[in-house]
Amino acid sequence: MALKSNTYILVLWLIILFIISIIYVPIGEIGRVSHIDKLAHFVLYGITALIFLKVLILKLDIKKSMLSAFLLSSIYGSIVEFIQSFTSHRSFELADILTNCIGALTFVLGFGFYAVITRKKTDELSKK
């Protein structure tokens, strides 16, 4: 049941992310903040990787899940970035793809470190 509900969450997230990525967004005040779009890419694709991870970890071991979540999130971000090149109000930027990948990698590695730390604490508590 968890796999099915997590998959629905993933699909919904990917649809929302796609829509956000291709709609026209007036720059206004956001454009005045230096590199705010890169921060958005970093965080959104980091979250995407974690949602992929949440689905994959139910089927694969942790290392394969982490690698797959990173790759799938990065590939999805690259595809969306490529699609943006066909719109009149968005553009293709390699820097955005790089930022997507860095965000996905950072969040996945953060999860991995968290998993290792919590496992060690659990192991220590069970020994007492």
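The values are calculated or read from the model by the stated rules, or taken from the named source; none is laboratory data. Quick caveat, the model's predicted, so the values are computed rather than measured. Positions of Cβ are backbone-derived with ideal geometry, glycine not excepted, and every protein chain shown enters the neighbour counts.
Quick notes on this structure:
- Taking residues in the stretch 63-89 that are within 13 Å of Ile51 (Cα to Cα) and in contact (Cβ under 8 Å) with a residue 12 or more places away in the chain, and partners anywhere that are hydrophobic (A, V, I, L, M, F, W, C) and in a loop (DSSP other than H, G, I, E, B), the pairs with Cβ atoms closer than 8 Å and at least 6 places apart or on different chains are Ser65/Ile57; Ser68/Leu60.
- Just one of (1) part of a helix (DSSP H, G or I); (2) among the charged types (D, E, K, R); (3) farther than 30 Å from Arg119 by Cα fails for Arg90. It is (1).
- Lys59 being modelled with pLDDT under 95, loosely packed, with under 13 Cβ neighbours inside 10 Å and within 22 Å of Tyr8 (Cβ to Cβ): yes
- Test: His41 is more than 18 Å from the chain's Cα centre (by Cα) and under 19 Å from Leu17 (Cα atoms): no
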